[in-house]
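Each reported figure results from applying straightforward, stated rules to the coordinates on display, with no laboratory input. This one's a predicted model, so the numbers in the text were calculated from it and none came from an experiment. Cβ atoms come from the backbone with ideal geometry, glycine included; neighbour counts cover every protein chain shown.
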Amino acid sequence: MSIRIVPEGELTQAAGDIPPLLLPDPKTLYLTRAQRLETLADGHDMADYLRFCARIARAQHALVAEHPLALPARDAYFAECARHGLPPLGSSAWPRDQVWQDLLDALLGKLLPGTTGVIADTIMALQTQAREDRETLASALLAGRYDAVSSADALFVWAALSVYFSQLASQLKIHAIAEPDESRHLCPVCSQGPVASVVKIGDKDGLRYLHCTLCESEWHMVRVKCSNCESTRDIGYWSPDDKAVAVRAESCGDCGSYLKVMALGKDMALEAVADDLATLTLDAAIEEEGFVRSGINPFLFPGS
Amino acid sequence: MQVSRRQFFKLCGGSMAGTTIAALGFTPGVAMADVRSYKLLRASETRNTCPYCSVGCGILMYSLGDGAKNAKSDIIHIEGDADHPVNRGALCPKGAGLLDFVHSPNRLKYPEVREAGSTEFKRISWDEAYSRIARHIKTDRDANFVEKNADGVTVNRWLSTGFLAASASSNETGWLTQKFVRSLGMLAVDNQARV
């Protein structure tokens, strides 16, 4: 089922319905991510990289506090999106404000001190790059043309874009309606793909939500179903030799892809982006089984 | 079903060359070296309907073994299906105990008969079971079938035998149950497996 977004007040949800969409809370999510990355880094084979990503997430958290964004009053635009069933912040179509570039500059400024070598070079190069060029990088990334952007640049550009889009997403005045067709492979808010899916606890116990890799929204998808092609025929759950593991890879025998699914019930502290990044060994192992990944992690862009 | 909707990525091949980690000078090599000592386990989750009663709660059954590699499949966990409109993940105590029901050593796995006067059950073949059941049905129906009531009106009913069908049956099974039961003139039929 796809998720259709309409202005708030147009329709209300019946009691007991599964909420199709959970909007992000940028004021807390980057901090939670940073703390989780720091926890996971202890004794981890990739500790240095996880700690570096924790620094980025902490900088993103600070940006949200220091550069609060207001959702532009584009009521006509949103109404038009709703009328055609399009995502309100469809990241390629949405007219980006220059403010995301200010966010990028602020982010780079926070990260530069204490860095050396390639990282420092990458940050400084981005700082001096013309705004039009950085706009081109952003457009390429949002359009999924990852080969057009170096994977090092992509990390920082995407981190700034995420702070921009998550703040806008958090302020949308909308209702999400579950539609009876099958198209939930992309984020209903910004049309990017998911990083992983999370099986919730509490009042959403047992429900699975896909986590957007850009705007950090979460949208519902029925479990035991391929999140890419929506087949249910040959779904496998792969894990290290341990039945109680929280992070597993969900593979599909029809489209040959996989994405991780994480059970909060097994580990209440897990966070989609952090735990995905900290379980790269599982990616390597499932690649050996012949499956390919159907989503990016915002801290790990593919080689160009 | 559309086969390819999102982009696909291979991240880990070639020591992750070109990815953000490598491009920024970090070494994912250590994490990747683990792969050789990494034993992957494949599990499945299968939707089903609880067999106990006619509420028909949705369940998810977790099993190990992919069926293809001579591995013995085994159900390791059963829980309510949170996506199911009937029970939204909840199960009653009987449903919550399904795993023990599946693995129960007392589970009936083949037909058995206790002959009149005997205290022992003995195992019989399915063919023999079907023949005996058919014989009992025929004998009882021949003896008790009511063709006309006291007023001479044709009723064609058989009141001395009832039929207990399964609760988690498909629509087609329900159709077959109805055809079989009503064509014999049987009136007592229940689809509730609460006994």
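For chain A, just give the cysteines left without a disulfide-compatible partner, judged by no other Cys Cβ under 4.7 Å.
Result for chain A is A:Cys53, A:Cys81, no neighbouring Cys Cβ within the cutoff.
Work out the length of the dipole vector of the protein assembly as shown about its Cα centre, built from +1 on the beta-carbon of each Lys and Arg and -1 on the beta-carbon of each Asp and Glu, and round it to the nearest 20 debye.
That gives a dipole near 1300 debye.
Can you list which of the GluC sites (Glu not before Pro) found in the stretch B:96-195 are DSSP loop residues with at most 13 other C-beta atoms within 10 Å?
Loop-located and lightly packed - B:Glu115, B:Glu120.
Tell me the angle of helix B:171-183 to the major Cα principal axis of chain B, expressed in degrees between 0 and 90 and rounded to the nearest ten.
10
Only Cα pairs within less than 10 Å get springs; with that Gaussian network setup on chain A, which residue of A:Lys110, A:Lys204, A:Lys260 has the largest fluctuation?
Top of the fluctuation ranking is A:Lys204.
Only helices at least 20 Å long along their axis, Cα-based, and averaging -1.0 or more on Kyte-Doolittle count here, so list those DSSP H runs from chain A.
A:26-41, A:47-66, A:151-170
Springs between alpha-carbon pairs under 10 angstrom, Gaussian network model over chain B: which of B:Ala17, B:Ala143, B:Ala165 fluctuates most?
With Cα springs under 10 Å in chain B, the top fluctuation among B:Ala17, B:Ala143, B:Ala165 is at B:Ala17.
As a footprinting exposure proxy, order A:Asp275, A:Asp203, A:Asp181 by other Cβ within 10 Å, with the fewest listed first.
Working: A:Asp275 22, A:Asp203 7, A:Asp181 10.
Fewest to most other Cβ atoms nearby, the residues stand as A:Asp203, A:Asp181, A:Asp275.
Quick check: from the Cα gyration tensor, does the stretch A:187-293 come out rounded (a/c under 1.5), prolate or oblate? List each step's numbers first, then the result.
Working: a/c = 1.39, a/b = 1.12, b/c = 1.23.
Here the stretch A:187-293 falls in the rounded category.
For a footprinting-style exposure proxy, rank B:Met16, B:Met32 by other Cβ within 10 Å, fewest first. Intermediate values should be presented prior to the final figure.
Values: B:Met16 26, B:Met32 21.
So the ranking, lowest neighbour count to highest, is B:Met32, B:Met16.
Are there GluC sites (Glu not before Pro) in the stretch A:1-93 that DSSP marks as loop and that have at most 12 other Cβ atoms within 10 Å, and which are they? Spell out each step's value before the answer.
Numbers: sites: A:Glu8, A:Glu10, A:Glu38, A:Glu66, A:Glu80; in loops: A:Glu8, A:Glu10.
Answer by residue number: A:Glu8, A:Glu10.
What residue among B:Arg141, B:Arg88, B:Arg114 has the largest mean-square fluctuation in a Gaussian network model of chain B, using Cα springs under 10 Å?
Sorting by GNM fluctuation, first place goes to B:Arg114.
Over chain A, what is the relative contact order in percent, taking alpha-carbon pairs closer than 8 angstrom and at least six residues apart?
Rounded, it is 24 percent for chain A.
Using the alpha-carbon centroid of each, what span in Å lies between the stretch B:92-151 and the stretch A:69-142?
Result: 71 Å between the Cα centres.
Which of A:Tyr237, B:Tyr62 comes first, and how do the rest follow, when ranked by fewest Cβ neighbours within 10 Å?
B:Tyr62, A:Tyr237
Once you have a ≥ b ≥ c as the square roots of the Cα gyration tensor eigenvalues for chain A, tell me rounded if a/c is under 1.5, and otherwise prolate or oblate according to whether a/b is larger than b/c.
oblate
Using Cα pairs closer than 8 Å and at least 6 residues apart in sequence, work out the relative contact order for the stretch A:3-170, in percent.
30 percent.
Relative to the longest principal axis of chain B, what angle (0 to 90°, nearest 10) does the C-alpha long axis of helix B:126-144 take?
Roughly 30 degrees, rounded to the nearest 10.
In terms of modelled amide H atoms, which long-range or inter-chain residues lie less than 5 Å from the amide H of A:Asp45?
none
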